[in-house]
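Down below is the structure, laid out as structure tokens.
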Amino acid sequence: MNAKTAKPSRPAARRPARPAPKHAAPKAHRLDTGTVLGVVLLLAVGLIALFSASYPAAINKFDTGTYFISRQGFYALIGLVAMLVISGIDYHIYLRFQKQLFIACLIMLALVPLVGVTHNGATRWIDLPLLGEFQPSEVMKDAVIISFAYYAVRKGDQVRTLRGVMPFLGALVLIAGLLYLEPHLSATVIIFGIGLAMLIVAGMKIWYFLPLIPVALAAVTVYILNNDYARSRIMVWIDPLSSDKVFTGNGWQGGNSQIAIGSGGFWGLGLGQGRQKHLYLPEPQNDFIFSAWCEEMGFIGALLVILLFAFLIYRCYHIAFHAPDKMGCLIATGIATKLAIQTLVNLWVVTGLFPVTGASLPFFSYGGTALLMQMGEMGILLNISRYMRPSEKRRG
């Protein structure tokens, strides 16, 4: 066959071009080892501190020295399991219920002054059948974290404007008003800190704080002048030595707390050898557990606990910085800020740098509901850490 009679060859059929691949979801990796280690160490040291600090009060109230530690140990075990389970649940799922959770928390805060339980002059608890007493303000902290993260992402660049920030600030003011009725100053400080930290990370300009400073000072002044409970605590805190209430009334807690810390010295009296926990230091198993720990373990033991908290808070912010999306970054920022502020407020209270409030020490203070919530928050953080790139995890 010559070239003239040869049939032209058919062009090869072209395959249809494949559509460009969509952005693949980040691949899940193992849990962040540093965060897990920090949580386990703090929980272990916290249980040791709780047992040593609580057994005199447990014997006095319940005729058994293991009353507090047995219950806290049970909740710690459940909390560890819950943390691991939650670490495998996609953190975006909580955004489906953010509106219902926020509204439910507002309703519970409004019910506290009406049907709440009063302890030590403050009405902060609701007693529910089967669940027992719990503080709605603790649940509200997590509701603020989830809701603020959802709406900050939804609004996008609007958060950079004053108009876009106003709904968030209005929600914080509403919560502060409900907490004023209890009263609960420490919860107000923590919730405001969480909200403002998340807004700054979302893009809010820092100079928006300037108008808030005089407003906040005026609100605090009005709060103190119109609340006998808060005013008495502030006066004892400002001038404790000249008051006849240093070791009676409102000055009893702060005075014995500082005695316990000072008695520990550098090395401490020894684990289990503390004296102030023997019905001198109020709530040694709760708000003032760090004071009892300092008396027994001294400066070295106190430094160990502070370093453990600092390490865990650093790991939390590291996860926030390397989160796979803005939503994860804001949720992790809120959880890390809550842990940081609540720890600092408790340490400032027991050392006399802040008026006595109801801020417990995370992972240390007695309270099953609070411990379960803290472990759940760590589970959410660990789930966010699963989607960090391996190179970022190694750099951390």
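Listing for the model above:
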| quantity | calculated |
| --- | --- |
| Efficiency of FRET from Cβ geometry, Ile107 and Arg163, R₀ 22 Å, rounded to 0.05 | 0.20 |
| Test item: Cα-centred dipole of the chain, Lys/Arg +1 and Asp/Glu -1 on Cβ, debye | 3200 |
| Aspartates and glutamates with Cα under 15 Å of Lys205, excluding same-chain neighbours fewer than 8 positions away | Asp157 |
| Protection proxy ranking of 162-174, 258-270 - average other beta-carbon atoms within 10 Å, highest first | 258-270, 162-174 |
| q = 0.21, 0.23 Å⁻¹: log10 I(q)/I(0) that the Debye formula gives for the range 56-151, counting C-alpha atoms only | -1.16, -1.19 |
| The range 263-396 - charge dipole about Cα centre, Lys and Arg +1 at Cβ, Asp and Glu -1, debye rounded to 20 | 580 |
| Computed label-point distance, nm, for sites Phe209 and Thr64 using a 7 Å Cα→Cβ extension | 4.9 |
| Stretch gain in nm, segment Ala219-Phe266, where the contour uses 0.36 nm per residue and the Cα spacing is subtracted | 12.9 nm |
| Restraint check, Lys141/Lys277; Lys61/Lys141; Lys61/Lys277, Cα-Cα greater than 25 Å | Lys141/Lys277; Lys61/Lys141 |
| Alpha-carbon spread of the range 254-396, three principal axes, descending order, Å | 50, 27, 25 |
| Theoretical gain in end-to-end length, Lys99 to Val115 [0.36 nm per residue, Cα-Cα removed] | 3.4 nm |
| Selected from Gly177, Ile146, Val159, residue furthest toward positive end of dipole (the range 141-188; charges at beta carbon) | Val159 |
| Tilt relative to the chain, helix 67-86 - C-alpha long axis, 0 to 90 degrees, to 10 | 10 |
| Which of Val40, Gly274, Gly367, positive extreme of dipole for the chain (C-beta unit charges) | Val40 |
| Calculated log₁₀ intensity ratio I(q)/I(0) where the Debye formula runs over C-alpha points of the chain, q = 0.06, 0.13 Å⁻¹ | -0.28, -1.17 |
| Relative packing of peptides 34-41, 213-220 - highest average C-beta neighbours within 10 Å first | 34-41, 213-220 |
| Inter-label distance for Val40 and Phe311, nm, one decimal - labels placed 7 Å from Cα along Cα-to-Cβ | 1.2 |
| Cα-based convex hull volume of the range 114-201 per residue, rounded to whole Å³ | 96 |
| Solvent-accessible surface ranking, highest first, for Arg124, Arg160 at 1.4 angstrom | Arg160, Arg124 |
| Helical contribution to [θ] at 222 nm, DSSP H n ≥ 4, -39,500 (n - 2.57), averaged over the chain, rounded to 500 | -21500 deg cm²/dmol |
| With Cα atoms, 0 to 90° folded angle of helix 185-202 axis to the chain main axis | 20 |
| Most positive-pole-ward Cα, His322, Phe51, Leu307, against dipole of the chain from beta carbon charges | His322 |
| Accessible area of the chain divided out per residue, in Å², using a probe of 1.4 angstrom | 52 |
| Folded to 0 to 90 degrees: helix 98-115 orientation relative to the chain principal axis, Cα | 10 |
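The values are calculated or read from the model by the stated rules, or taken from the named source; none is laboratory data. Everything numeric in this text was worked out from a predicted model, so none of it was measured. Virtual Cβ from ideal backbone geometry, glycine too; neighbours counted across all protein chains shown. We work out accessible area using only protein heavy atoms, side chains counted, and drop any ligands, DNA or RNA first. Shrake-Rupley method; radii C 1.70, N 1.55, O 1.52, S 1.80 Å.
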